[in-house]
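First the structure, in the form of structure tokens, and then the observations on it.
What follows is calculated from the coordinates using simple rules that are stated; it is not laboratory data. Note that the structure is predicted; figures quoted are calculated from it, not measured. Every residue, glycine as well, gets a Cβ built from its backbone with ideal geometry; the counts of neighbours run over all protein chains shown.
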Amino acid sequence: MSDEAFRRGRRRWLRGAAAVSFATGMLKLRAALAAGALPPGVARFKGEVRINGKPVEPGQRVAPGDVIVTGQGAELLFVAERDAFLVRANSRIEFGSAVARGAATVLRVLTGGLLSVFESGMRREIHTATATIGIRGTGIYVEIEPQRTYACTCYGEAVLTPVEDPASAETVRTRYHDEPRYIYGKGMPNMMEAAPVINHTDAELYMIEGLVGRSPPFNQARY
């Protein structure tokens with residue numbers, strides 16, 4: 001067998017093995033969801049996903065200080081305590097430790113997108129290049145664009161603060177994707193403006209809330 005034929009065969013085998021692994025992971029995920037909330041750790045992934053530079057493993061815990069990187073077409077679904085997260089492709093997320101005597105847990109979204117659901121009553125913050133988002137139990141989708149942050153408070157309450165103009169902070173209270181926002185960086189006449197609902201679905205919210213034994217507060221999915 002030639003070297004090229006060997007390489008082609010190996011690539012086919014690797015693609016097949018990845019597909020089998022993903023399908024097996026989905027079956028285990030469905031079984032676990034049927035039984036109730038999942039324990040903390042990686043619930044599912046596909047494509048190239050690395051934590052602290054190493055390939056992710058099924059069930060791996062995501063700990064404070066970890067850096068998550070996903071490649072083209074990749075995805076990561078994981079649970080941390082009573083919070084759950086869906087990391088999009090081409091993302092870099094710094095899963096921060098608690099700050100100021102445990103006052104808040106900080107996640108830094110540097111690139112890509114992150115759909116999150118948080119336990120009610122616990123303080124969380126999401127930081128991006130243009131925004132700080134304070135959270136006390138909510139579902140929220142954040143996506144990074146070159147000059148702005150997209151933030152949809154799917155339900156619950158969040159405080160959206162532009163990094164360059166903290167005085168223009170806005171408290172958003174929503175029941176159903178009511179007030180998505182674009183949050184801009186320096187040099188824009190308006191630091192925040194209304195945005196559409198983009199790139200996340202109610203089905204995904206049901207899925208990740210289910211990982212921690214909860215359901216979204218809305219009754220009928222439309223997105």
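A few notes on this one:
- Electrostatic bookkeeping for A158 treats Lys and Arg as +1 and Asp and Glu as -1; over the other residues with beta carbon under 12 Å from its beta carbon, the sum is 0.
- Its residue count N sets the reference 2.2 N^0.38 Å, and the alpha-carbon radius of gyration of the range 36-211 equals 0.97 times that reference.
- Long-range amide H partners of Y155 with built H, under 5 Å: G139, H177
- Here the Karplus relation 6.51 cos²θ - 1.76 cosθ + 1.60, evaluated at θ = phi - 60°, turns the backbone of the range 139-145 into coupling constants of x, 8, 10, 10, 9, 9, 10 Hz, with x for every Gly and Pro.
- Backbone amide hydrogens, once placed in the peptide plane, bring D66 within less than 5 Å of F95, excluding anything fewer than 5 places away on its chain.
- The phi-based Karplus calculation (6.51 cos²θ - 1.76 cosθ + 1.60; θ = phi - 60°) puts the 3J(HN,Hα) values of the range 82-96 at 10, 10, 9, 9, 10, 9, 6, 5, 6, 10, 10, 10, 9, 8, x Hz, whole numbers, x for Gly and Pro.
- Neighbour counts of other Cβ atoms within 10 Å put S116, S215 in the fewest-to-most order S215, S116.
- Ranked T174, T111, T105, T153, criterion: other C-beta atoms within 10 Å, fewest first: T111, T174, T105, T153
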